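I have placed the structure first, in the form of C-alpha cells, so that the comments after it can refer back to it.
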Amino acid sequence: MGIDKTVILNKKASFEFLLLQTFTAGIILTGTEVKAIREGKASLSEAYCLITNGEIWLKNMHVSEYKQGSYNNHEPKRLRKLLLNRTEIRKIESRLKEKGTTIVPTQLFFNERGFAKIDIAVARGKKMYDKREDLKKKDQEREIRKVVR
C-alpha cells in the first residue's frame, strides 16, 4: 500500500487566530468517513474542539457522505472524539483557562501507518489590525515573487 498524501487544511485558522501551541491527535472515524476523507471530501473551516469530562471532541467538521456507502453512511457533521494523552489534555485545559483562548483544528492527514490524525492548536483570536497586517505581508510576498520571475 502506497503512502497517502491526503491533507485537509484549515486555512481560516491561521488567519483568524494566533496559534499558541499545537498538538497531534488521533481521531475516531467510521469506515465511510475514512474513505470520504481519502477522496478529499472533508472541511475543517467551521470546526472547533470542546472538552467534556476530560475528553476532547471535534464539532462541526464536515465530511461528505461516501458515494458507495449506501445505508452504512455516516452523518456529515457528527461529533468526533479525539485521542490524546491525559497529560496533553491537562496542558490544553490549563491553556484554555486564559481569557480568549480556544481549540482550533488546523489540518487533517493520514500518517505513514495509514491512521487518520488531526493537528489541533490552542489559539487566541486575532484583532482586526493583526489580520490587516497579515494581508499586507501576503501582498508584499506576492509582489516580490512576481518581480523575481
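Please treat every number below as a calculation from the coordinates, not as lab data. Note that the coordinates shown come from a computational prediction; the quantities given were computed from them, not determined experimentally. Here the Cβ positions follow ideal geometry from the backbone for every residue, glycine too, while neighbour counts run over all protein chains shown.
Computed log10 I(q)/I(0) for the chain at 0.09, 0.15 Å⁻¹: -0.34, -0.84, from the Debye equation with unit scatterers placed on every C-alpha and solvent omitted. Here each label is just a point 7 Å from Cα along the line to Cβ, and for LEU18 and GLU93 those points are 2.6 nm apart. Applying both filters, DSSP loop and at most 10 other Cβ atoms within 10 Å, to the GluC sites (Glu not before Pro) of the range 13-107 gives GLU98.
I'd like the FRET efficiency for ASP134 and GLU46, computed as 1/(1 + (r/R0)^6) with the beta carbon distance as r and R0 of 30 Å, rounded to 0.05.
Working: r = 20 Å, r/R0 = 0.67.
So the FRET efficiency works out to roughly 0.90.
Place a +1 charge on the Cβ of each Lys and Arg in the range 7-148 and a -1 charge on the Cβ of each Asp and Glu, then give the dipole magnitude about the Cα centre in debye, rounded to the nearest 20.
Details: 30 positive and 18 negative charges, 52 e Å.
That gives the range 7-148 a dipole magnitude of about 240 debye.
For the range 39-135, applying the loop criterion from DSSP together with a ceiling of 13 other beta carbons within 10 Å to the chymotrypsin sites (Phe, Trp or Tyr not before Pro) yields PHE115.
For the range 7-148, the relative contact order works out to 33 percent when only alpha carbon pairs closer than 8 Å and six or more residues apart are counted. The length gained by stretching the chain between LEU9 and GLU65 to full extension, at 0.36 nm per residue less their Cα-Cα distance, is 18.3 nm. Excluding same-chain neighbours fewer than eight residues apart, the lysines reachable from LYS12 by a Cα-Cα span under 17 Å are LYS59, LYS126, LYS127, LYS131, LYS136, LYS137, LYS138.
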